[in-house]
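Asks: Structure provided below as structure tokens; questions to follow.
The values are calculated or read from the model by the stated rules, or taken from the named source; none is laboratory data. Keep in mind that what you see is a predicted model, and the values were worked out from it rather than measured. No Cβ is skipped: glycine too gets one built from the backbone with ideal geometry, and neighbour counts run over all protein chains shown. In case anyone asks, the SASA skips ligands and DNA or RNA and just uses the protein heavy atoms, side chains included. Shrake-Rupley method; radii C 1.70, N 1.55, O 1.52, S 1.80 Å.
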Amino acid sequence: MTLLLKSIQAGAIAASLLASPVVFAQKADSPQSKKDVIAKILKIQQPAIEALTMGVLSRPVNELAAKAAPALRNVPEAKREATAKQIDADLRKFLEDNAKPLVDKGMKLAPSTMGVALDEKFTEDELKQLLAWLESPVSKKFAESSQELQSLYTKKLIDDNGKQLDEKFTALQQNVAKQLGLEAGPAPAASAPKPAAKPAPTPTPKK
């Protein structure tokens, strides 16, 4: 079950990468010109770093929602819809409350991790070539198109293989449940994913 992460606004990062006190602490002998190139590369890559950080935050929330989906049937039918909406709100609030602080911390870590790695693995000339590519119109166009390309690929992959995977996963789920002495619930359909705005609710004890 995928949460609607697009609604989360990570916000602009006010602090400049060049102002970070931990920038290139492990490579003090590098020339300033090389440090400047790396700082520019990291700044261009800021959206990708933010997305990576959000993935770290959202992954366990998505896993919690997916694992909790079968527990919805344990909630009395009269309370089921209200419970689902409340859980949805709780999950979203968790992401909204923690998104910007974690992104801010992640951006401060980027120079001392990614920056140092770039410094160690690339020469200054190679970094200048990389920066030239990242600043080029073709690179920017490719970056803007990457999400669409991934979406087209994912949709086609699911359309062509979703039904077959559903059947195999259902058989696997039933086999595992049988070995555990449990009743296997219906498997989530890969060929027909539910809307992102409806994350799976967590279990609610019966009264």
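Asks: Given a 1.4 angstrom probe, what's the average accessible area per residue across region 123-173, in square angstrom?
Replies: Each residue of region 123-173 exposes 82 Å² on average to a 1.4 Å probe.
Asks: If you count, for each residue, the other Cβ atoms within 10 Å and average over each peptide, how do 160-167, 96-103, 114-121 line up from highest to lowest?
Replies: Per-residue mean Cβ counts within 10 Å order the peptides as 114-121, 96-103, 160-167.
Asks: For q values of 0.22, 0.23, 0.30 Å⁻¹, compute log₁₀ I(q)/I(0) with the Debye formula on a Cα-only model of region 108-161, without solvent.
Replies: Debye curve over Cα of region 108-161, log10 I(q)/I(0) at q = 0.22, 0.23, 0.30 Å⁻¹: -0.86, -0.88, -1.02.
Asks: What translational diffusion coefficient, in µm²/s and rounded to a whole number, does the Stokes-Einstein relation yield for region 56-163 at 25 °C and a viscosity of 0.890 mPa s, taking the hydrodynamic radius as the Kirkwood radius over Cα pairs?
Replies: Value of D from the Cα-based Kirkwood radius: 132 µm²/s.
Asks: Kirkwood Rh and Cα-based Rg: tell me the resulting Rg over Rh for region 38-106, rounded to two decimals.
Replies: Radius of gyration relative to Kirkwood radius: 1.19.
Asks: Additional query: Return the distance in nm (one decimal) between the two label points of a simple spin-label model at residue 102 and residue 140, each offset 7 Å from Cα along Cα→Cβ.
Replies: Rounded to a tenth, the inter-label distance reads 3.1 nm.
Asks: So, one more: Taking the simple approach of a point 7 Å from Cα along Cα-to-Cβ for both residue 80 and residue 133, what is their distance in nm?
Replies: Placing both labels 7 Å beyond Cα along the Cβ direction yields 5.2 nm.
Asks: Then there is this: For region 74-181, what % of the accessible area comes from carbon and sulfur atoms, probe 1.4 Å?
Replies: 58
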